[in-house]
Amino acid sequence: MESSSEEEIFGQKKSEGEDDRELLQEKLSVIFQYSTDAHLLFDESGILDCNQAAVKMLACKDKTELLSLHPATFSPEFQPDGKRSAEKALEMDRLAYETGYTRFEWIHRKITGEEFPVEVTLSPVPINNKKVLLVVWHDISDRKRAEEAIRRSEAMLSESQQLTHSGSWEADLITGQNYWSAEAFRIFGLEPDSAGPNTDVFSKMIHPDDLHLYKTHIWEAINKMSPASFDLRIVLPDGQIKFIHAIGKPFCDATGKVVKLYGAIMDIDNQKKTEKELIHAKEMAEMAAIAKSQFLSTMSHEIRTPMNAVIGFTHLLLQQDPRPEQMEYLNILKFSAENLLVLINDILDFSKIEAGKIEFEEVDFNVLSLLENIRSGILQKANEKGIMLKLKVSNDVNVTVVGDPVRLGQILTNLVSNAVKFTETGKVTISAEVTSRRGNVITLDFKVQDTGIGIPPGKIDTIFDSFTQATSDTTRKYGGSGLGLTITKRLLELQHSKIFVESEPGKGSVFYFSLTFRISEKHFTEKINGSPTNKFSLEGMRLLIVEDNAINVLLMRNFMKQWNVQYDVAENGLVALEKVQTTDYDLVLMDLQMPEMDGYEATLRIRQLPDEKYTKLPIIALTASAMMDIKDIAFTVGMNDYISKPFTPAELYSKIASYRKGKPL
């Protein structure tokens with residue numbers, strides 16, 4: 001084999017070296033031209049070269065345009081750190097030449113003026129035996145937006161947790177390490193840290209009495225994979241006890257094993273304190289309501305008991321064949337006493353209405369007689385003031401209907417009394433007319449008109465408010481509690497009606513309303529203002545009257561004698577209990593408030609007696625209390641019926657007669 005010459009060998013190696021350099025240059029050219037990052041070559045004179053990515057990134061038309069511009073064109077005057085771009089660029093270039101490499105973030109500006117962030121890499125490279133800078137720009141707009149979104153989310157989460165006093169946490173069940181948000185630390189009275197306390201330390205911060213509750217919920221979350229939600233108390237570093245609400249949710253690995261718990265805690269200490277205060281306030285309100293109810297019941301009893309005697313003895317006098325002029329006076333006295341009772345009951349009724357405990361009776365009464373009695377009862381006051389009090393009705397108003405005459409009388413008395421009170425000259429007119437009559441149903445319009453001081457237009461809507469009158473001058477000059485119109489309005493609303501008013505200051509007012517009644521099927525052949533005559537008889541009945549008030553006993557004795565009733569009297573429940581065991585009574589009239597043993601206890605004891613007759617013995621509660629819950633208690637202890645003092649003889653007779661054995665139809 002012929003050997004090669006030295007020139008041939010070196011020539012061949014030279015050729016191979018040139019090929020490698022060409023290949024390397026080609027590769028570098030491809031990287032330079034086709035990289036998605038902007039590549040540029042800088043020297044002290046400006047931009048020497050760039051790739052297509054730089055043209056696109058800076059929004060230039062072409063490479064020629066880009067190379068014609070100074071690098072400073074593509075930077076704003078200042079960078080985010082406040083340094084001038086020109087000064088900072090020189091500093092970065094110097095650092096790159098000194099160290100051989102540098103990387104930093106920069107704000108660039110497109111030719112359109114739009115700014116965008118890039119990550120810049122500066123590398124000194126030799127070109128034609130001259131050091132130049134290879135500059136690479138990597139657009140980090142998407143990364144910055146993502147970082148900003150994360151920062152914003154974290155800020156919003158932190159702010160919302162501070163505002164809502166809630167914190168988030170993560171418990172790693174493998175390592176026992178907890179991770180808390182800043183607000184979670186603050187709730188526990190701790191300074192925020194990068195991680196939360198471990199599980200053992202955290203457990204010691206839970207109130208000892210709530211530790212079992214905490215462990216139970218955590219056990220169920222881990223073993224039953226059920227979310228937890230519960231309240232517990234924690235003990236702060238300063239010893240203060242705070243309520244928190246904890247929520248936990250299990251997280252499982254690929255094998256289904258619970259390895260972490262995620263959750264949140266909320267500071268509910270103020271809420272718990274508020275709840276405690278509300279419960280205390282509720283208890284105090286309930287106690288106040290009980291005290292109020294007891295007070296009203298006591299006052300009702302104390303006031304109504306003497307009124308019962310006044311009304312009762314007036315009825316007895318009416319039955320003693322008085323002279324005609326005495327009859328007129330006694331009728332007025334009876335009606336006035338009943339009217340006084342209605343006025344006394346205003347405050348009691350207002351309380352009952354507010355408590356929703358008002359009830360309406362269904363009894364027979366004559367509308368015309370009621371209106372005449374109302375006029376007669378207030379006529380004296382009108383005469384004293386020198387004003388006329390007229391009753392203007394048509395003949396068809398003389399009708400007996402079924403309803404509550406006491407409540408209708410209360411409504412009309414309030415309106416007429418007000419009209420007389422606020423009228424100095426002129427007249428007050430009470431009028432009624434039938435506006436509709438279908439079958440046994442009748443509708444009547446009632447109107448009370450006066451020539452008094454009138455009501456200012458702006459005050460008409462407020463006169464029906466509790467304890468309110470048109471002006472402060474009205475209260476000082478005319479007096480009154482301000483409850484009359486309130487009760488009137490509410491009583492009508494409870495009967496599905498409404499009161500209307502028209503008024504003009506200085507000329508007078510008119511109040512009007514409508515009510516519908518059933519026409520009574522009962523026709524009275526003899527009637528004295530609704531009181532039964534001596535022809536009524538309950539002969540054959542034997543009653544026990546249980547009453548401690550001597551005047552009431554005297555009144556009841558008179559009624560029993562008129563009705564031919566045999567009776568005994570027991571001054572308290574203890575005596576009554578003895579008497580019912582020695583005598584067969586047809587009925588017991590049982591007062592409720594008595595010494596030794598009250599009516600409730602006596603009734604309970606009677607019902608507990610061994611013989612069956614004591615469970616069937618009719619017992620009627622007889623009390624001066626105005627509170628409707630007394631009726632409920634009376635029925636609860638075993639009473640059969642209820643009658644409230646002061647009662648009319650007709651009411652008492654009707655109650656007793658309804659329990660008469662073999663009573664006629």
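Taking Lys and Arg as +1 and Asp and Glu as -1, the other residues whose beta-carbon sits under 10 Å from that of F360 total -3. Farthest towards the positive end of the charge dipole of the stretch 565-617, among the residues T615, L587, L577, is the Cα of T615, using unit charges on the Cβ of Lys, Arg, Asp and Glu.
A simple rule links phi to the HN-Hα coupling: the Karplus curve 6.51 cos²θ - 1.76 cosθ + 1.60 with θ = phi - 60°, which for the stretch 242-253 gives 10, 8, 10, 10, 10, 10, x, 9, x, 10, 10, 8 Hz, with x for Gly and Pro.
Using the average count of surrounding beta-carbon atoms within 10 Å as a protection proxy, the listed peptides 269-281, 402-414, 379-391 rank, highest first, as 402-414, 379-391, 269-281. Restricting the calculation to Cα atoms, the stretch 19-148 yields a radius of gyration followed by a Dmax of 14.9, 50 Å. Averaging 1/r across all pairs of distinct Cα atoms in the stretch 359-440 and inverting the result yields a Kirkwood radius of 13.7 Å. Backbone phi angles across the stretch 128-133, fed through the Karplus curve with coefficients 6.51, -1.76 and 1.60 (θ = phi - 60°), yield HN-Hα couplings of 6, 6, 9, 7, 10, 9 Hz in residue order; Gly and Pro are listed as x. Computed from backbone phi with θ = phi - 60° and the Karplus coefficients 6.51, -1.76 and 1.60, the 3J(HN,Hα) list for the stretch 447-459 is 9, 10, 10, 9, 10, x, 6, x, 10, x, x, x, 9 Hz; x is used for glycine and proline. The spread of Cα positions in the stretch 144-232, taken along each principal axis and listed from longest to shortest, comes to 46, 28, 24 Å. Kirkwood analysis of the stretch 562-621, using all unique Cα-Cα pairs, places the hydrodynamic radius at 11.8 Å. Treating each Cα of the stretch 56-122 as one equal point scatterer and applying the Debye formula with no solvent, the log10 of I(q)/I(0) at q = 0.27 Å⁻¹ comes out as -1.25. Subtracting the Cα-Cα distance of D253 and D321 from their residue separation scaled by 0.36 nm leaves 14.1 nm. Each part gets one Cα centre, and for the stretch 79-117 versus the stretch 238-257 those centres are 48 Å apart. Residues whose amide H falls under 5 Å from that of K260, counting only those 5 or more places apart or on a different chain, are L173, F251, with hydrogens built in the peptide plane. A cut-off of 5 Å between modelled amide H atoms, ignoring neighbours fewer than 5 places along the same chain, links Q177 with D172.
Residues whose amide H lies under 5 Å from that of A38, counting only those 5 or more places away or on a different chain, are W137, D139; hydrogens are built 1.01 Å from N in the peptide plane.
Laboratory data are not the source of any read-out in this text; all were calculated from the coordinates shown. Quantities reported herein were computed from a predicted structural model and do not represent experimental measurements. Counting neighbours? That spans all protein chains shown, and the Cβs are built from the backbone with ideal geometry, glycine included.
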